[in-house]
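What follows is a short report on a single structure.
The values are calculated or read from the model by the stated rules, or taken from the named source; none is laboratory data. Every value quoted in this text rests on a predicted model; they were computed, and no experiment measured them. Using ideal geometry, Cβ is built from the backbone for each residue, glycine included, and neighbour counts are taken over all protein chains shown.
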Amino acid sequence: MAISPKINFDSVLKLPLAKRVLILLAINILIAGFVYWFLTGPKYGEVKALNVQIQDLTAKLVENRQIAADIPKYIHEKEEMEAKLAAAVAQLPNAKEIPDLIDGISSSGEKSGLKILIFRPGREVPKGFYSEVPVKMTVEGRYESLFEFSEKIGSLSRIVNLEGMNISSMGHRNRVPLLKADFTATTFRFIPQAEEPRKKK
């Protein structure tokens, strides 16, 4: 036989104020506990996980916005690099221009007043999209002529480096000091993409 508790509200209302407040407080605590235990508690873990996801998504959103804001700058830098590469490649002669360029190096020495003792083009050395074309040279002449030759080489439309220069005195001729210079004049040839597979084979 089940016993159902009966609450006499009249007797509760007749209690002192302090006891009525305590009863009301206890009822509120029970209701809050019931709501938390059966309604809020199970959802608390989901809310916590969702908050973590929101923080991650917010961080990714900020990062993506920064990347999107930098895209015009990256495009501009890419265009600048492509323009610089095109300008550098334009200074690299192709295979047909190499003989004329080597002749230009030789004529620059003669026009500067140098006596060319050795002029020996070497084998090309591949370096990726370009190859080095070295020319061993030994010249004889005045200091002014050697200086003028260096200036002429520097003013060529194509890149030519003078490397490993070894200068020695040859004494005087008609009271003019003469110098002998051994060096390598290196120019660079652009290798087209169609030519690279053949070189690899």
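What are the residues in segment 128-155 that are polar (S, T, N, Q) and surrounded by fewer than 12 Cβ atoms within 10 Å (Cβ to Cβ), if any?
Hit for segment 128-155 is Ser155, nothing else.
Looking at the structure I just gave you, is Glu148 in contact with a Gly (Cβ under 9 Å, 6 or more places away or on another chain), part of a helix (DSSP H, G or I) and farther than 25 Å from Phe190 by Cα?
Judged against the criteria, Glu148 is a match.
Checking Thr186 against (1) in contact with an Asp or Glu (Cβ under 6 Å, 6 or more places away or on another chain); (2) of a type outside the set (A, V, I, L, M, F, W, C); (3) at pLDDT below 85, only one condition comes out false. Which one?
The number of the failed condition is (3).
Test Val125 against the stated conditions and say whether it is touching a residue at least 12 places away in the same chain (Cβ under 8 Å) and either surrounded by 10 or more Cβ atoms within 10 Å (Cβ to Cβ) or touching a helix residue (DSSP H, G or I) at 6+ places or on another chain (Cβ under 6 Å) (or both).
In short, no.
Can you go through Gly113, Gly154, Gly141, Gly171 and tell me which one is of a type outside the set (Val, Ile, Thr) and under 30 Å from Ala86 (Cα atoms)?
On the way: Gly113 fails: under 30 Å from Ala86 (Cα atoms); Gly141 fails: under 30 Å from Ala86 (Cα atoms); Gly171 fails: under 30 Å from Ala86 (Cα atoms).
Exactly one of Gly113, Gly154, Gly141, Gly171 is of a type outside the set (Val, Ile, Thr) and under 30 Å from Ala86 (Cα atoms), namely Gly154.
Count, please, the residues in segment 162-187 that happen to be surrounded by 16 or more Cβ atoms within 10 Å (Cβ to Cβ) and of a type outside the set (A, V, I, L, M, F, W, C).
4
Pro177 passes all but one of (1) at pLDDT below 80; (2) in a strand (DSSP E or B); which number fails?
Of the numbered conditions (1) at pLDDT below 80; (2) in a strand (DSSP E or B), the odd one out for Pro177 is (1).
Taking the options Ala69, Ala86, name whichever one is modelled with pLDDT under 75, exposed (fewer than 10 other Cβ atoms within 10 Å of the Cβ), small (Gly, Ala, Ser) and part of a helix (DSSP H, G or I). Even if it seems obvious, please write down each step before you answer.
On the way: Ala69 fails: modelled with pLDDT under 75.
Residue meeting the stated conditions: Ala86.
Which one of these does Arg158 not meet: (1) surrounded by 17 or more Cβ atoms within 10 Å (Cβ to Cβ); (2) at pLDDT 85 or above?
Only one criterion is unmet by Arg158, namely (2).
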